[in-house]
Amino acid sequence: MTSLTPISSAAGADSNQVLVEANGSTRTLILNRPKKLNALSPAMINELLRLFIAYEKDDEIKLLILKGKGRAFCAGGDAGEGSQTILNEGWKVGADFFRNQYLLNYIIATYTKPQVSLLSGIVMGGGAGVSLHGRFRVATNKTIFAMPETALGLFPDVGASYFLSRLPGSYGEYVALAGARLDGAEMLACGLATHFVHSNRLLLLEESLKKVDTSNPFVVCGIIDQFAEHPSLKRNSSLNRMEIINRCFSKRTIEEIISALELVASNLADEWVAATIQSLNKASPTSLKISLRSIREGRTQTIGECLRREYRMVCHVVRGDFSEDYFEGCRAILVDKDQNPKWRPPGLEQVHDDAVKYYFSRIDDPQWEDLNLPTRCSHGRNIESKL
């Protein structure tokens, strides 16, 4: 018996932004803002948080499936609308949004029951946060993944400093700084996805998962394996350029990374190298510098430590303490769509080490407090260690 119920803690127009489909001991959560490419609103985040917490306590529920309605899984947080709200109502609104989002990311990362995310279509920003921390991430031939935050004056957050820093070599730095787009085969090859299933078999996989009556991850994995395949990388894939990526993106500073890429470009006519340099030159200088430090610090931190640090960073961003690039990026890319942000400061040389360090510090404001994450243990061990 299947029931499809719109559930939300918000009323009115927001009430159907997360749909819940019940099949035996499986619950399918459907992100339902297809016209907005399922971008996460505050109501969606609050509802997902409520549902994840409730389902973890319910012994009758064994498996969660997460998917998006329409042609996207989730294009991220609704940054265009969110940035305007912060400008109108103050930084605290933004801080509260990110606090709830990061708490949801942490609950997912430390969840005691298996979550299968069906990553069909666009998976960006906040969409990665609600999926990549889960145990099973199924990419398809229609998947498009990116963390495009440096082009928006932000930085790859939602725990990205954890999952990107654990990619092979310096691939995480490349993906984070250049806002690189990856397809499903690339997500599988680098480890962001656990499986690849062709889109024409996705519904069959979903129907099989709905019959699951166990939380045993090996059983769930066995079912996905029956539908999975190992696609070949395209010839022009960035993963075929790991030697260049490791040589250039392992450099200590952004300036040195760009110089190394320019040196490669002077000796090699490669469209990929030229496009990567162009992406870095178009991004917010402040965003590039704090993103690089964030990824590097994340490499030795737990998911909880990454999220707590990212929360400090994002609060400095929404307060506009050093730079207001986030609001300018959202204006240029998402609101006015002139694609021509005016970054301040405009050059890398004007973003000094002290300014970068400032983003990682506590905020001196009586209205602010650090991100407080719950202690979550399973079978006598901190379940952060499962990641």
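The values are calculated or read from the model by the stated rules, or taken from the named source; none is laboratory data. Owing to the predicted nature of the structure, the values given are computational and were not obtained by experimental measurement. Glycine also receives a Cβ, built like all others from the backbone with ideal geometry; neighbour counts cover every protein chain displayed. To get the accessible areas, we keep the full protein, side chains included, count just its heavy atoms, and leave off ligands, DNA and RNA. Shrake-Rupley method; radii C 1.70, N 1.55, O 1.52, S 1.80 Å.
Brief remarks follow.
- No other residue among Ser131, Ser165, Ser117 is touching a helix residue (DSSP H, G or I) at 6+ places or on another chain (Cβ under 6 Å), of a type in the set (Gly, Ala, Ser) and modelled with pLDDT of 95 or more apart from Ser165.
- Subset of the range 150-163 that is outside any loop (DSSP other than H, G, I, E, B) and open to solvent by 10 Å² or more (accessible area, probe 1.4 Å) - its residue that is nearest to Gly320 (Cα to Cα): Ala151
- Looking across the range 164-181, the residues that are within 24 Å of Leu371 (Cα to Cα) and either open to solvent by 20 Å² or more (accessible area, probe 1.4 Å) or part of a loop (DSSP other than H, G, I, E, B) (or both) come down to Leu164, Ser165, Arg166.
- Any hit, the range 360-372, residues being of a type in the set (Lys, Arg), at pLDDT 95 or above and within 29 Å of Glu256 (Cβ to Cβ): no
- The conditions of being open to solvent by less than 80 Å² (accessible area, probe 1.4 Å) and at pLDDT below 95 are met by Val335.
- Residue match in the range 296-315 (condition: open to solvent by 10 Å² or more (accessible area, probe 1.4 Å) and within 21 Å of Ala151 (Cβ to Cβ)): yes
- Residue within the range 263-271 that is more than 23 Å from the chain's Cα centre (by Cα) and under 24 Å from Arg296 (Cα atoms) present: yes
- Filter result for Ala275 (surrounded by 15 or more Cβ atoms within 10 Å (Cβ to Cβ), modelled with pLDDT of 95 or more and either closer than 29 Å to Asn105 by Cα or hydrophobic (A, V, I, L, M, F, W, C) (or both)): no
- The set of residues in the range 45-72 that are under 17 Å from Gly125 (Cβ atoms) and aliphatic (A, V, I, L, M) comprises Ile45, Leu48, Leu66, Ala72.
- Residue in the range 48-56 that is free of Cβ contacts under 8 Å to residues at least 40 places away in the same chain and either touching a strand residue (DSSP E or B) at 6+ places or on another chain (Cβ under 8 Å) or over 21 Å from Leu132 (Cα atoms) (or both) present: no
- Looking across the range 86-112 at every residue that is part of a loop (DSSP other than H, G, I, E, B) and open to solvent by less than 30 Å² (accessible area, probe 1.4 Å), the one that is farthest from Ser208 (Cα to Cα) is identified as Gly90.
- Among the residues here, Asp370 does not qualify as more than 16 Å from Phe98 (Cβ to Cβ) and out of contact with any Pro (no Cβ under 6 Å at 6 or more places or on another chain).
- Subset of the range 86-123 that is in contact with a Leu (Cβ under 7 Å, 6 or more places away or on another chain) and of a type in the set (Ser, Thr, Tyr) - its residue that is nearest to Leu37 (Cα to Cα): Ser120
- Of all residues assigned to the range 227-234, none qualifies as being more than 26 Å from the chain's Cα centre (by Cα) and of a type outside the set (Phe, Trp, Tyr).
- Every residue from the range 341-357 that is surrounded by fewer than 15 Cβ atoms within 10 Å (Cβ to Cβ) and not basic (Lys, Arg): Pro346, Gly347, Glu349, Gln350, His352, Asp353, Asp354
- Evaluation of Asn16 against the conditions (1) among the polar types (S, T, N, Q); (2) surrounded by 19 or more Cβ atoms within 10 Å (Cβ to Cβ); (3) over 20 Å from Phe136 (Cβ atoms) shows that the sole unmet condition is (2).
- When the range 47-85 is filtered for residues that are open to solvent by 40 Å² or more (accessible area, probe 1.4 Å), touching a Pro at 6+ places or on another chain (Cβ under 7 Å) and more than 14 Å from Arg33 (Cβ to Cβ), nothing remains.
- Helices (runs of 4 or more DSSP H) wholly inside the range 277-387 that include at least 2 residues being within 23 Å of the chain's Cα centre (by Cα) and over 22 Å from Gly125 (Cβ atoms): none
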